[in-house]
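Engineer: Pasting in a structure now, in C-alpha cells, and then I'll have a few things to ask.
The values are calculated or read from the model by the stated rules, or taken from the named source; none is laboratory data. Owing to the predicted nature of the structure, the values given are computational and were not obtained by experimental measurement. Here the Cβ is made from the backbone with ideal geometry for all residues, glycine too, and neighbour counts use every protein chain on show. Note: areas computed on protein heavy atoms with side chains; ligands, DNA, RNA excluded. Shrake-Rupley method; radii C 1.70, N 1.55, O 1.52, S 1.80 Å.
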Amino acid sequence: MFNLFGSKKSRRHYEHIHLDKNNIPKHIAIIMDGNGRWAEERNLPRALGHKAGVETIRKIVKECDRLGVKYLTLYAFSTENWKRPQEEVSALMKLLVEYLKNEFKELNENGVVINHIGDITRLPQNCQDELNKAYENTKNNTGVVLNLALNYGGRDEIIRGIKNIYKKVQKGEINIDSINGSTFSNYLYTANMPDPDIIIRPSGEQRLSNFMLWQCAYSEFWYSDINWPDFNEKDLEKAICDYQQRDRRFGGIKK
Ligand code: IPE
Ligand code: IPE
Ligand code: MG
C-alpha cells in the first residue's frame, strides 16, 4: 500500500529548539542514508527514494545558508556504492546531473560554491562535465561551500594523500620529518577546509561507512532513525541544538 504521507518515524515534535547564533557549526557533514528504505516502505522503486532525497538536499542547503553554516558536505555516493545494481547506479548519476542543471541558477544566486570531493574520474563523462562546470562557475562565490562527496571513500582519500606526499618527498620538495597532521590534511580532498564539527546520519544506522575517516577525529556524531527523504529543517536545527549542548574537549579538560 502506498503511504505518501510519511511513516510513523517521520512524525516527531521537538520542543524548545533554541539555537545559539554564536555557536553554529562551521562544517556540517551528512551521510544521506535511508532513501531506499523510504521508497520500499511505500512500495515504490528505490530510484524514487533517491529522487525524494534530492528534495531534502534543496531544503537543507537553504537552511544551512540561512543559519550561516560555512561548509556542508553531503555523502552522496561511496566508493562501495558501485556494488549496487547497474540500474540504481545509473539512476543516481542521472539524478546528479539533473540536480546540477536544475539547481545551478538558484545556488549560484545564493552564493553557494558547488564543490565535489572524491575521485570523480570514474563517474560518467556528463557527470564530470557538469561537476567541473558547476565548480568553475561558482568557485569565487562567498556563501556556503557545498561539498558533494561522490565516489568518495575515506580510505581511498588517505591512500591518495600518501601517494601524493610520497611523490613530493621523492622529488625532494618536502622533508619527510616535516609531515604532521596539519601538513597531511592538505593532501586530502578537504584541504584548507575545517574538519566537520558534526556528522549527521539519518536512517538509524550508527556507522561511518568509510566517510571522512581522517577528518572526523573530533567530530560530534548525531544519529536519527528518520530516513533522509523525511529529514527536514527542524531535524537539522535539532541536531545543531544537541551539538550546542556537547562539551568538546579535544583531549583537554573542561574549562
Ligand atoms: C542513501 O540511501 C543513498 C546512497 C547510498 C546513494 P540508500 O540507498 O543507502 O538507502 P537505504 O540504506 O537502502 O535505505
Ligand atoms: C553510505 O550509505 C553512503 C552514502 C550515504 C552515500 P550506505 O547505505 O552505502 O552504507 P551502508 O552500506 O549501509 O554501510
Ligand atoms: Mg543505505
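Engineer: I'd like the carbon and sulfur percentage of the solvent accessible area for segment 85-182, probe radius 1.4 Å, heavy atoms only, ligands and nucleic acids excluded.
Structural biologist: Ligands and nucleic acids excluded, carbon and sulfur reach 48 percent.
Engineer: OK, next. Let me have the relative contact order for segment 1-112, percent, based on Cα pairs under 8 Å that are six or more residues apart.
Structural biologist: Here the relative contact order equals 29 percent.
Engineer: Would you calculate, for the chain, the mean residue ellipticity at 222 nm contributed by helices, counting each DSSP H stretch of 4 or more residues as -39,500 (n - 2.57) and dividing by all residues, to the nearest 500?
Structural biologist: Calculated at 222 nm, the ellipticity per residue is -13000 deg cm²/dmol.
Engineer: Once you keep just the Cα pairs under 8 angstrom separated by 6 or more residues, what percentage relative contact order results for the chain?
Structural biologist: Averaging sequence separation for qualifying contacts and normalising by length gives 28 percent for the chain.
Engineer: Now a separate question. Looking only at S209, S182, S224, which one moves most when the chain is put into a Gaussian network model with springs between Cα atoms under 10 Å?
Structural biologist: Highest fluctuation among the options: S182.
Engineer: Leaving out ligands and nucleic acids, note down the accessible area per residue over the chain with a 1.4 angstrom probe, in whole Å².
Structural biologist: 54 Å²
Engineer: Relative contact order for segment 73-203 using alpha-carbon pairs under 8 Å, separation at least 6, rounded to a whole percent?
Structural biologist: 29 percent
Engineer: Go through C216, Q206, V144 and say which Cα lies farthest out towards the positive end of the charge dipole of segment 80-234; charges sit on Cβ, +1 for Lys and Arg, -1 for Asp and Glu.
Structural biologist: C216
Engineer: Let me ask something additional. Keeping all protein chains in place and using 1.4 angstrom, which order do T183, T73, T142 fall into by accessible surface area, from largest down?
Structural biologist: Order by accessible area, largest first: T142, T183, T73.
Engineer: To continue, here is another question. Give the residues of segment 185-220 whose amide nitrogen is closer than 18 Å to a point set 7 Å from the Cα of D119 in the direction of its Cβ.
Structural biologist: Label zone hits: 187-191, 210-214.
Engineer: Between E88 and I253, what length comes free when the chain is fully extended (0.36 nm per residue of separation minus the Cα-Cα distance, one decimal in nm)?
Structural biologist: 54.7 nm
Engineer: For segment 60-142, taking Cα atoms only, what is the radius of gyration to one decimal and the Dmax to the nearest whole Å?
Structural biologist: Gyration radius and largest Cα-Cα distance of segment 60-142: 13.5, 38 Å.
Engineer: Take W38, W228 and sort them by solvent-accessible surface of the protein heavy atoms, 1.4 Å probe, largest at the top.
Structural biologist: W38, W228
Engineer: Further question: In cubic angstrom, how much convex hull volume per residue do the alpha carbon atoms of the chain span?
Structural biologist: 147 Å³
Engineer: Go through 238-245, 151-158, 86-93 and give me the packing order, highest mean Cβ count within 10 Å leading.
Structural biologist: 151-158, 238-245, 86-93
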